[in-house]
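The values are calculated or read from the model by the stated rules, or taken from the named source; none is laboratory data. Quantities reported herein were computed from a predicted structural model and do not represent experimental measurements. Neighbour counts are summed over all protein chains in view; Cβ atoms, including those assigned to glycine, are modelled from backbone coordinates with ideal geometry. SASA here: full protein model, heavy atoms, side chains in, ligands and nucleic acids out. Shrake-Rupley method; radii C 1.70, N 1.55, O 1.52, S 1.80 Å.
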Amino acid sequence: MMSSARLVAVIFGLAVALALAVVAAHPRVRALERRLGLTVLLSTGVPFIGLGAILHWHRVGILTDSILTDLRPAYDFGLGWIGFVVGMRFDIRRLDQLPGYLGTVIVIETVVPMAVAAILCGGTLIFLSDGGGWMLLHQVLILMACAAASGPVSAEYMTRVCGPKMAWMLERITKIDEIAALCLLGLVAIVFRPVQAVAGTVWVLPPSAWLLVSLGLGTLLGVITYILIRGATSPAEQLSLLLGAVALSAGMAGYLALSVPVICAVAGALLANLPTPNRVAQEKMLLDLERPLYLVFLLLAGALWRPDEWQGWVLALPFVVARVIGKLLGAALSRRANPSLPPTPVLALALLPQSPIAIVVIASAAVLPGVEREFVRWAINAVVVGGVFTESIVRLLQRFTLFQEPSQGPGQAVENLPHEGRGL
């Protein structure tokens, strides 16, 4: 039983952390981050992950295991909101604007880093866990999903280097990478689900049935969200209905022990492709709330981080090397497949940053049945180190302008192409 003084300390600590997340998401604060050159750490979420680890420390005792269990609905809601945002970016009408050859590029840039990560990280996990088999494959697939997702490079920089048309297409590639990462996470949640009933649920189904349940549940929740939002008469009502829809979707997925961001991404993708009125306002609403919710989510995920465990640092090295080699090799193969793409160094630079979805993948895997908590702690360390390292390298290359800017060329012939915000 928690004492009243302890309860007050926990509530006060969580309130302060929530206030910090809201302040950090303010546009003026983000502009100050860019001016002071702090975007390397803040874009990877390290301060809030570190704060979560501190709050979990036994001498602080704010985010204890019991408190984290009580905050599980908030954890799932953060995952669900991010999943909704990723799904809303999967608009078929926008994909039709991309040239046909870009499909090959997307496959190469997604599969090659995953393959390299499977080789390097798989060998490291065999050394760390002194074993293999089904569980090893489970862990390797999660790290492959983390390695696949690419984050955005500065739109202004890429426009200056390779023109507005190519910069827009590269941005679209990074968004599809995130969807591929969630697809792999959903596959892991279904295929590696324990045969026996998971605590809190009574359903025992084969993987094929769970696949149908996942797709059907996501579709049903997307239809419900569409019906609710379509009847909204004001932005405030629309926001409240959207919050309720995400909460319902996350709660249903969590209750069935399915991957929350995957189910919500399916619902968001369906919503994006239906004739919804005020689509631009909906996307802006999702993006405005994405960053503060993401930072709060990082705070809770940081409670799982253990930077004092040496195994996490050992796993971080092959993970970082795999992403760098995989993106470089993928860029070279993509360039060979289509010479009209930017030079290999430029293409690799555009896809090298690690997407925030990598943290979402590993944090979502942490609450899936059958995933070892020990592996989650190591993998979070690897993803955090990988995000900081790749972001630092990209910023350094941009600052010193190691790539030559092209003269007016085909990539600059198309102006005023849509350039969508990413929220994070």
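The table below lists the values:
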quantity	calculated
Protection proxy ranking, peptides 306-318, 180-192, average beta carbon neighbours within 10 Å, highest first	180-192, 306-318
Hydrodynamic radius (Kirkwood) for segment 238-312, which is based on Cα pairs only, to one decimal in Å	14.5
Heavy-atom SASA rank of F389, F319 (probe 1.4 Å, accessible area, largest first)	F389, F319
Calculated diffusion of segment 306-376, Stokes-Einstein form, Kirkwood radius summed over Cα pairs, 37 °C and 0.692 mPa s, µm²/s	228
Segment 134-286, relative contact order in percent, only Cα pairs under 8 angstrom and at least six apart counted	22
Hz values of 3J(HN,Hα) by residue in segment 282-289 - Karplus curve (6.51, -1.76, 1.60), Gly and Pro given as x	5, 5, 5, 5, 5, 5, 5, 8
nm² value of the averaged projected area, convex hull over the Cα atoms of segment 203-352	13.5
Sequence-separation-based contact order of segment 241-366, relative, with Cα cut under 8 Å and 6+ spacing, percent	19
Placed amide H near Q354: partners under 5 Å, 5+ positions off or other chain	G151, E391
Peptides ranked, highest mean first, by Cβ atoms within 10 Å: ranges 326-337, 51-62, 256-267, 72-83	256-267, 72-83, 326-337, 51-62
Computed label-point distance, nm, for sites A247 and A9 using a 7 Å Cα→Cβ extension	3.0
Rg/Rh for segment 270-326, where both radii come from Cα atoms and Rh is the Kirkwood radius	1.23
